[in-house]
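Trainee: Next up is a structure, given as structure tokens.
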């Protein structure tokens, strides 16, 4: 018998046969190094083995009790990666074999067994098992492309998800940056959940939640008698996270003396409690987050350069919500389902006008602000199954266009859409035509022509003085003039696509 080639996986076979002597013969014929045979004597014993065994195939003798055989097939069919089952028996047992085929068996071999045929059947079953494992791994990888809680299919979020998956399996520090409300904490939790440390503690600590005088105690702990009121020893967050991950949020607000102690802990992988000189070894992965510019703080001397390089081996930049407006409908639908279930409300969907207003808002509070808007709309809404423009909060009311799709001829629909888009933009900018034109991506002169063509009734721009008018007209020269047939503008076309897609 030839040895398996270098790197070839040994084929593991679970034999179900009451004759121990037959198992010894089979081990002799198909044994090491190409095959590994493990024998059990009844289908019930095989059932006990099947959920934990790493077998690539099962050889089942049909001489055993038929009900036990079928029960084994049924149990195997309920497992996600159960090994394929090959049956063997005498010619008069073919009827039983056909029944087991219907129950999920993959092959039948007639006794007396031909060794070459047996090898061929086992190899085929092992290839089938390998394909099943590869398919399951591929499906798991596809499911993992989008990290739980970090919704969005935009290019910006795809880059974030890619970095998370790459860095999760390695032991290195990660710095997550971005504005407040972008989901930095979700990134830290996702990295921990996808890492080998997922069964160990995940400890989150926000620097802003404690005064400087307490942060040392919170992070590193204290011994009994270290200060007045310290009646017993207390472990810090680092020791609580031992073996797992610690997430330090708003690390840019950490005072310089504490930065030095944190740096020493990261370098030496030990911590010392207040009131003690004993160093406790720690095995902790550190993920930090901040909405501040640490590079600038290093230049200004308010953040240690050596600590910055220590905590930012890998950096993840969270995009602002206004930079990924294509993700807003998906996020809004997720929050809608969540809060409708939480507050027992009938809301199930959103009208095009409601969604369109969401996509046109600037979202200074990012995803957290969107979450609050959806919850408020669900709680204070009119109780309908669809959230409409009447359910929008005051700060978004001026951004809504219509809950209905355009009706009539194509040209009438486009004309009506232009009129409502111009009105919404003017309302959002309190009548300032220069700002409205910039929002729409057109020149102020073209906006004036639109107002005349569409018969939009409007007064003089609020806050527009003679000096401001001269400035606006001077700035108009730097704007690209758009032909009348190009309307709606880039911004308008985007809003229009949003309305059509949601409907």
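FYI, it's all coordinate maths here, none of it is from the lab. As the structure is a computational prediction, the values presented were derived from the model and not from experiment. Please note: Cβ atoms are built from the backbone with ideal geometry, for glycine as well, and neighbour counts cover all protein chains shown.
Trainee: Once you have a ≥ b ≥ c as the square roots of the Cα gyration tensor eigenvalues for the range 68-133, tell me rounded if a/c is under 1.5, and otherwise prolate or oblate according to whether a/b is larger than b/c.
Mentor: Oblate.
Trainee: Moving on to the next point. Semi-axes of the range 155-319's equivalent ellipsoid from the Cα gyration tensor, sqrt of 5 times each eigenvalue, largest first, rounded to whole Å?
Mentor: So the equivalent ellipsoid measures 27, 18, 13 Å along its semi-axes.
Trainee: What whole-number distance in Å separates the alpha-carbon centres of the range 303-317 and the range 216-284?
Mentor: 19 Å
Trainee: Using 0.36 nm per residue, how much length does the chain from residue 81 to residue 171 gain when fully extended, once their Cα-Cα distance is taken away?
Mentor: 29.4 nm
Trainee: Also, quick follow-up: By average Cβ neighbour count within 10 Å, what is the ranking of 177-190, 95-108 from highest down?
Mentor: 177-190, 95-108
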